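Asker: Next up is a structure, given as structure tokens.
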Amino acid sequence: MKKILIIIIASSFGFLAACKKTPLTTVSTNIAAPVLSNPADGSSIDVTLADSAQVLNISWAKPDYGVSAVVSYFIQADTLGKNFAKYYTLANVTSATSFSLSYNNLSGKLMNGLSLMPNSLSTVELRIGAAIYGKDTVYSKSVKIALTTLAINQLWLPGSYEGYNPAAAPTIPAVTPTTYEGYAFFSAAGNFKFTSAPDYSHINYGDGGNGTLTTNGNAGGIGYSPAGVYLLDADITNLTYSATYISTFGIIGTATPQGWNGSTPMTYDQSTGLWSIKIALVPGALKFRANNGWTINYGPADSNALTGTLQFNNPGAININTAGTYTVTIDMTQSRQKAYTYTIQ
């Protein structure tokens with residue numbers, strides 16, 4: 001019995017000692033919220049091509065929780081008068097009390113996140129949220145910013161294939177205010193960059209690795225091989241890109257010699273950027289696809305039209321009603337902004 005009592009007493013002292021090593025902490029009942037110090041309330045930011053690379057530093061003073069803890073921050077934005085009912089999270093930050101981004105990136109994120117009109121003046125509000133352990137969230141007072149957004153209508157593609165001369169380089173157009181898509185012909189294997197103007201005085205986007213872009217002007221170009229036609233996509237807000245080699249475009253469908261079993265390849269004309277084929281067709285369906293696969297394929301906006309606009313991944317097909325020899329042509333140069341077109345004659 002004595003041994004049992006001694007063990008119980010010893011265990012009790014051990015428990016108390018352990019408790020002393022881990023003191024309990026209590027969050028203050030009157031938490032001091034973070035204070036947004038920059039940008040100042042009433043600031044104006046007019047994003048132009050000339051200053052699109054300028055950096056905005058958003059900074060704030062720490063909240064006071066009354067305890068020592070790692071604080072997580074989030075920067076929220078909303079249009080004026082919405083009271084952050086449908087806010088957009090501009091960034092999440094751990095521990096640091098500042099966050100920087102370019103004017104162009106700010107403009108792009110808020111155009112996408114808040115559906116702001118491109119190249120227009122809007123008043124937005126910013127605030128800083130803070131939390132510890134995923135709770136006890138407090139917010140700074142919001143500040144108002146008069147923001148004039150910028151939408152760049154196209155990106156230039158300077159590269160080793162043309163001497164890295166932006167002014168002479170081909171372009172791809174904007175699909176949304178901050179995303180771009182187009183086909184380009186590279187006459188030799190090498191590398192290229194995206195630029196926001198036909199020069200290097202503004203933003204140029206180099207290879208950030210693993211399908212990402214960087215605005216570091218000293219970064220290398222995006223490598224590609226072999227020479228030929230590429231489908232290029234770029235997102236200048238999320239800083240991502242893709243470059244897909246197009247070995248061929250072809251026609252497929254019941255109106256074509258191979259039916260739905262395979263593509264009949266078209267011929268590419270480097271001087272015009274057009275793909276074409278002269279071929280005997282029978283009554284049936286016809287559509288277009290790249291690389292003899294379905295990853296990149298196009299159907300018509302109007303199935304009954306022999307001249308028209310192509311739509312990506314459209315399940316429809318062009319109706320060929322009369323057997324005969326036809327010249328089939330597709331124009332992927334987007335000579336008409338944002339439109340890929342076809343003719344069947």
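The values are calculated or read from the model by the stated rules, or taken from the named source; none is laboratory data. This is a predicted model, so every value here is computed, not measured. Neighbour counts run over all protein chains shown; Cβ positions are idealised from the backbone, glycine included. Just so you know, the surface numbers come from the protein's heavy atoms only, side chains and all, with ligands and any DNA or RNA stripped out. Shrake-Rupley method; radii C 1.70, N 1.55, O 1.52, S 1.80 Å.
Asker: Which residue is most open to solvent (accessible area, probe 1.4 Å), if the candidates are limited to the range 288-302 and must be out of contact with any Gly (no Cβ under 6 Å at 6 or more places or on another chain) and of a type in the set (Gly, Ala, Ser)?
Answerer: Looking at residues that are out of contact with any Gly (no Cβ under 6 Å at 6 or more places or on another chain) and of a type in the set (Gly, Ala, Ser), I get GLY293.
Asker: Same structure again: Among the residues of the range 309-318, write down those that are of a type outside the set (A, V, I, L, M, F, W, C), surrounded by 15 or more Cβ atoms within 10 Å (Cβ to Cβ) and either in contact (Cβ under 8 Å) with a residue 60 or more places away in the chain or on the phi > 0 side of the Ramachandran plot (or both).
Answerer: Result: no residue meets the conditions.
Asker: Restricting to the range 228-255, what's the tally of residues that are part of a loop (DSSP other than H, G, I, E, B), over 19 Å from PRO177 (Cβ atoms) and open to solvent by 40 Å² or more (accessible area, probe 1.4 Å)?
Answerer: Just the residues of the range 228-255 that are part of a loop (DSSP other than H, G, I, E, B), to begin with: 236-239, 247-248, 253-255.
Cutting the leftovers down to over 19 Å from PRO177 (Cβ atoms) gives us 247-248, 253-255.
Pick out the ones that are also open to solvent by 40 Å² or more (accessible area, probe 1.4 Å) and you get 247, 254.
Of the residues in that region, 2 qualify.
Asker: Hey, among the residues in the range 72-88 that are in a strand (DSSP E or B) and of a type in the set (Gly, Ala, Ser), which one's surrounded by the fewest Cβ atoms within 10 Å (Cβ to Cβ)?
Answerer: Filtering the range 72-88 for residues in a strand (DSSP E or B) gives 72-79, 88.
With of a type in the set (Gly, Ala, Ser) added as a condition, the list becomes 72, 77.
Values: SER72: 16, ALA77: 24.
It comes out as SER72.
Asker: Could you check how many residues of the range 22-71 are of a type in the set (A, V, I, L, M, F, W, C), part of a loop (DSSP other than H, G, I, E, B), open to solvent by 80 Å² or more (accessible area, probe 1.4 Å) and within 30 Å of TYR205 (Cβ to Cβ)? Let's see the steps before the verdict.
Answerer: The initial filter retains those residues of the range 22-71 that are of a type in the set (A, V, I, L, M, F, W, C), namely 24, 27, 31-33, 35-36, 40, 45, 47, 49-50, 53, 55-56, 58, 60-61, 67, 69-71.
When the remaining residues are screened for being part of a loop (DSSP other than H, G, I, E, B), the result is 24, 27, 31, 33, 40, 47, 49-50, 53, 67, 69-71.
Next, from what is left, pick out any that are open to solvent by 80 Å² or more (accessible area, probe 1.4 Å): 24, 50, 70.
Subsequent filtering for residues that are within 30 Å of TYR205 (Cβ to Cβ) retains 50.
Final tally of qualifying residues: 1.
Asker: Being among the basic types (Lys, Arg) and either in a loop (DSSP other than H, G, I, E, B) or open to solvent by less than 60 Å² (accessible area, probe 1.4 Å) (or both) is the filter here; which residues of the range 266-287 pass it? Talk me through it step by step, then tell me what you get.
Answerer: Just the residues of the range 266-287 that are among the basic types (Lys, Arg), to begin with: 278, 287.
Selection gives LYS287 alone.
Asker: Out of curiosity, is SER263 closer than 30 Å to ALA323 by Cβ and surrounded by 15 or more Cβ atoms within 10 Å (Cβ to Cβ)?
Answerer: On the way: closer than 30 Å to ALA323 by Cβ: yes; surrounded by 15 or more Cβ atoms within 10 Å (Cβ to Cβ): yes.
It is true that SER263 is closer than 30 Å to ALA323 by Cβ and surrounded by 15 or more Cβ atoms within 10 Å (Cβ to Cβ).
Asker: Please enumerate the residues belonging to the range 317-344 that are at pLDDT below 95 and over 13 Å from TYR183 (Cβ atoms).
Answerer: Scanning the range 317-344 gives ARG336, GLN337.
Asker: Sort out which residues of the range 202-217 are in a loop (DSSP other than H, G, I, E, B) and without any contact (Cβ under 8 Å) to a residue 12 or more places away in the chain, and write them in order of number. Steps first, answer last, please.
Answerer: To start, the set of residues in the range 202-217 that are in a loop (DSSP other than H, G, I, E, B) comprises 202-203, 210-211, 215-217.
The answer is ASN210, ASN216.
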